[in-house]
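The values are calculated or read from the model by the stated rules, or taken from the named source; none is laboratory data. Keep in mind it's a predicted model, so treat the numbers as computed, not measured. Please note: Cβ atoms are built from the backbone with ideal geometry, for glycine as well, and neighbour counts cover all protein chains shown. Heavy atoms of the whole protein, side chains included, go into the accessibility calculation; ligands, DNA and RNA do not. Shrake-Rupley method; radii C 1.70, N 1.55, O 1.52, S 1.80 Å.
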Amino acid sequence: MARLHWKPAPLLYPVPCALVTCGKMDEKPNIITVAWAGTVNSKPPMVGLAIRPERYSYDIIKKRGELVVNLPPKRLMRAVDLCGVRSGRDLDKFQAAQLTPEASTWVSIPRIKECPISLECRVDQIIPLGSHHLFIAEILGVEVEEELVDPSGRLDLERADLLAYVHGRYHGLQPGQGFFGFSIAKRRGKSGEYRRKK
């Protein structure tokens, strides 16, 4: 199949849709939609968020040194878009997006009540890269809706119905097609299901 040769471009997709909250509860907290976000370390657990310096939230996060990464379900797609295209300089995004600020446990920044998962973070470092600066933040604690945990204590994120972003469009996630390690797992019985190796 023929290939086109393009100039360098950030086409690593899909990426998560994250609603990042910043600013203390009593200081007009704000929300910024961040698609360029990801896990960057496991011990300690850390995330990386790429944010343009001209964005309203940039200075708030830099000054406070704290943020919350909220993972929105598909039903909040309109709020996700609004928080990405409008500025907190002119608008109370919590009110405009009909979202509820709720006190966090580990940081002074509010989380979003309507989001089933919230990662409460402290900024560790900021790396200027060019158009964006990379905020590296340590996850101090995670808030999870109780309904997403099955009776065995396993987190079932598929039930959260999370959103992904692919080159200008929002997508819901399909049911899982495999699991980590399935390529080396043994099949069991006539059902053909996989069994994880112990």
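For the reader, a short list of remarks on this structure follows.
- Answer residue from segment 120-135, given it is assigned to a loop (DSSP other than H, G, I, E, B) and touching a Lys or Arg at 6+ places or on another chain (Cβ under 9 Å) and is least open to solvent (accessible area, probe 1.4 Å) among those: H132
- Residues located in segment 73-89, provided they are part of a helix (DSSP H, G or I) and either among the hydrophobic types (A, V, I, L, M, F, W, C) or out of contact with any Asp or Glu (no Cβ under 6 Å at 6 or more places or on another chain) (or both): R75, L76, M77, R78, A79, V80, D81, L82, C83, G84, V85
- Among all residues of segment 172-183, there is at least one that is open to solvent by 40 Å² or more (accessible area, probe 1.4 Å), at pLDDT below 95 and closer than 30 Å to E66 by Cα.
- Inter-residue pairs, beta-carbon under 8 Å, first under 15 Å from Y58 (Cβ atoms) and in segment 72-90, second polar (S, T, N, Q) and part of a strand (DSSP E or B), 6+ apart: C83/T33; G84/T33; G88/N30
- Any strands (runs of 3 or more DSSP E) falling wholly within segment 15-72 and containing at least 2 residues that are modelled with pLDDT of 95 or more and out of contact with any helix residue (DSSP H, G or I) (no Cβ under 7 Å at 6 or more places or on another chain): 18-22, 37-42, 45-51, 66-71
- Considering (1) of a type outside the set (G, A, S); (2) within 21 Å of R111 (Cβ to Cβ); (3) assigned to a loop (DSSP other than H, G, I, E, B), the lone condition that L4 does not fulfil carries the number (2).
- Those residues of segment 103-124 which are more than 17 Å from the chain's Cα centre (by Cα) and more than 15 Å from V47 (Cβ to Cβ), in sequence order: A103, T105, S108
- Segment 130-146 residues that are among the hydroxyl-bearing types (S, T, Y), paired with ones that are outside any strand (DSSP E or B) and modelled with pLDDT of 95 or more (beta carbon under 9 Å, 6 or more apart): S131/R52; S131/P53
- Output for segment 147-169, where each listed residue is of a type in the set (G, A, S) and either in contact with a helix residue (DSSP H, G or I) (Cβ under 6 Å, 6 or more places away or on another chain) or in contact (Cβ under 8 Å) with a residue 60 or more places away in the chain (or both): A160, A164
Residue by residue, here is whether (1) open to solvent by 60 Å² or more (accessible area, probe 1.4 Å); (2) not in a loop (DSSP other than H, G, I, E, B) holds:
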| site | (1), (2) |
| --- | --- |
| L91 | no, no |
| Q95 | yes, yes |
| Q98 | yes, no |
| V107 | no, no |
| C115 | no, no |
| S118 | no, yes |
| A137 | no, yes |
